[in-house]
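The block underneath contains the structure these notes are about, expressed in structure tokens.
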Amino acid sequence: MLPLAVYIHWPFCKFKCPYCDFNSHVREKINHPEWQRGYLDELRYYREQTGPRLIKSIFFGGGTPSLMEPATVAAVISEVDKLWGLPAGTEVTLEANPTSVEVDKLRGFKAAGVNRVSLGVQSLRDAALRKLGRQHSAAEALAAVKTAASVFERYSFDLIYARPEQSLAGWKQELEEALEYSADHMSLYQLTIEEGTAYHTLHQRGELKIPDENAAADMYELTQEMMDRRGLPAYEISNHARPGAESQHNLVYWRYGDYAGVGPGAHGRLTIKAEKLATRAHKAPEVWLERVRKERHGSHPFEVIDFFKRGQEMLMMGLRLRDGVLLDDFLKETHTPLSRFIHAQRLQALLDEGFMELTEQHLRATAAGRQRLNAVLSHLVSQ
């Protein structure tokens, strides 16, 4: 049976952060039983499409999944088990914000079947948290990390760097403090200004200044050095873990495996009858829920991904990993040798400049290549 990961998208937040371009919405009231029925119905629909599969992981993302009722989380996990079977020890992750209300629910989520939690700390500086639009303080964040550590064997938390007015020395001190609370996994994201966000509007007006490219690159390099010294190397550009503690769910994405995306705006990739299909759900929560009521799913029509697009996606995802892309896996997925897919002279130029490495087993970006991966990929996979 082909492995399958399951992603559950909870689309609601209490507040919309100014840097966030995820499919998240603020609603005063949420009918939790109705949403639970929606998720279960769409899971059953996807079981009909995929047939028997080996479940690799479940991930509750958003939005703010810790605003879900533990009963809904328990029902989803139970339904996945009924439909496909859930092997013992399967990674089940839930994203949570470190507000006191949500942290109080962590034990309920564990009882529901969650065995890994990821906390959106984002910063350990109160002024930065206010600027990021976060609703917790640094003290609440650290208290939440301590609570997560007492409840779950596996936990992770996120930080954002290259923030407005942040210095290299300031980031170094903040990361040193964070490492005192870390376990075996941390996610460290460089702030990017995304279109459609409040930050983008402010940045366009010149009212929001972030560190320039050189300063951001210095912060990236410092991050890699500090995390390597602490035994938490980057297995992906923004994700660090002790060997064996990597996020199994996210590895499915980066290795171009199959995953079912359930919920408003969720995307998926499914292999059905030897074809790779892209799935995409309606983004508006109310539209998605109404579609599920009528048709048992809220997805747009599935789209076939041709071999060239498969190769593009596999490279764009796989080269984010320190291990890169396995050439045998690339051949199995695209039915096309890498040598026929990539312009030889372009690849050779990247190899000569020290941005890529090619062995008999792998194609991977070097540390220098991962630091400027967007430019590398643009050169490598453009037609």
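The values are calculated or read from the model by the stated rules, or taken from the named source; none is laboratory data. Here the structure is a predicted model, which is why all the values come from computation and not from measurement. Virtual Cβ from ideal backbone geometry, glycine too; neighbours counted across all protein chains shown.
For the stretch 1-53, a residue qualifies if it is within 11 Å of Val262 (Cα to Cα) and β-branched (Val, Ile, Thr), and the qualifying residues are Val6, Ile8. Candidates are the residues of the stretch 1-16 that are surrounded by 19 or more Cβ atoms within 10 Å (Cβ to Cβ) and not small (Gly, Ala, Ser); the one that is nearest to Ala266 (Cα to Cα) is His9. Can you pull out every residue in the stretch 367-383 that is more than 15 Å from Leu315 (Cβ to Cβ) and either crowded, with 17+ Cβ neighbours inside 10 Å or among the hydroxyl-bearing types (Ser, Thr, Tyr) (or both)? Passing the criteria: only Gln371.
Every test in (1) closer than 23 Å to Val145 by Cα; (2) among the β-branched types (Val, Ile, Thr); (3) at pLDDT below 95 is passed by Thr90 save one, and that test is (3). Considering each residue of the stretch 367-379 in turn, at least one proves to be more than 21 Å from the chain's Cα centre (by Cα) and of a type in the set (S, T, N, Q). Of everything in the stretch 117-155 that is buried (at least 16 other Cβ atoms within 10 Å of the Cβ) and basic (Lys, Arg), the residue that is farthest from Lys209 (Cα to Cα) is Arg154. Restricting Leu191, Leu175, Leu168, Leu159 to those that are under 22 Å from Lys209 (Cβ atoms) and surrounded by fewer than 17 Cβ atoms within 10 Å (Cβ to Cβ) reduces the list to Leu168.
Among the residues of the stretch 269-296, those that are assigned to a strand (DSSP E or B) and not hydroxyl-bearing (Ser, Thr, Tyr) comprise Arg269, Leu270, Ile272, Glu275, Lys276, Leu277, Ala278, Arg280, Ala281.
From the list Ala96, Ala88, pick out the single residue that is buried (at least 24 other Cβ atoms within 10 Å of the Cβ), within 24 Å of Ala241 (Cβ to Cβ) and either assigned by TED's automatic domain parsing to the domain that holds Tyr45 or in contact (Cβ under 8 Å) with a residue 40 or more places away in the chain (or both). One residue alone meets the criteria, Ala96. The single condition among (1) surrounded by 14 or more Cβ atoms within 10 Å (Cβ to Cβ); (2) at pLDDT below 95; (3) on the phi > 0 side of the Ramachandran plot; (4) not hydrophobic (A, V, I, L, M, F, W, C) that Glu333 does not satisfy is (3). Whether a residue is surrounded by 11 or more Cβ atoms within 10 Å (Cβ to Cβ) and either on the phi > 0 side of the Ramachandran plot or among the polar types (S, T, N, Q) (or both) was assessed, and Asn239 passes this test. Would you mind stating whether Glu79 is within 26 Å of Lys146 (Cα to Cα), of a type in the set (Asp, Glu), touching a residue at least 24 places away in the same chain (Cβ under 8 Å) and buried (at least 18 other Cβ atoms within 10 Å of the Cβ)? Spelling it out, it is not the case that Glu79 is within 26 Å of Lys146 (Cα to Cα), of a type in the set (Asp, Glu), touching a residue at least 24 places away in the same chain (Cβ under 8 Å) and buried (at least 18 other Cβ atoms within 10 Å of the Cβ). Annotation note: Cβ proximity below 9 Å between a residue of the stretch 195-213 that is over 20 Å from Asn374 (Cβ atoms) and without any contact (Cβ under 8 Å) to a residue 24 or more places away in the chain and a residue that is part of a helix (DSSP H, G or I) and hydroxyl-bearing (Ser, Thr, Tyr) (sequence gap 6+ or interchain) occurs for Glu207/Thr201. Taken together, the criteria place Ala217 among residues that are among the hydrophobic types (A, V, I, L, M, F, W, C), surrounded by fewer than 20 Cβ atoms within 10 Å (Cβ to Cβ) and under 24 Å from Leu315 (Cα atoms).
Exactly one residue out of Leu363, Leu331, Leu350 is farther than 16 Å from Tyr256 by Cα and either among the polar types (S, T, N, Q) or touching a helix residue (DSSP H, G or I) at 6+ places or on another chain (Cβ under 8 Å) (or both): that is Leu350. Checking each residue in the stretch 1-44 for being of a type in the set (Lys, Arg) and more than 29 Å from His136 (Cα to Cα) picks out Arg37, Arg44. The residue list Arg340, Arg291 contains one member that is free of Cβ contacts under 8 Å to residues at least 12 places away in the same chain and either touching an Asp or Glu at 6+ places or on another chain (Cβ under 7 Å) or crowded, with 20+ Cβ neighbours inside 10 Å (or both), which is Arg291. Counting only residues that are under 23 Å from Ala216 (Cβ atoms), in a loop (DSSP other than H, G, I, E, B) and of a type outside the set (S, T, N, Q), the stretch 331-383 holds 4 of them.
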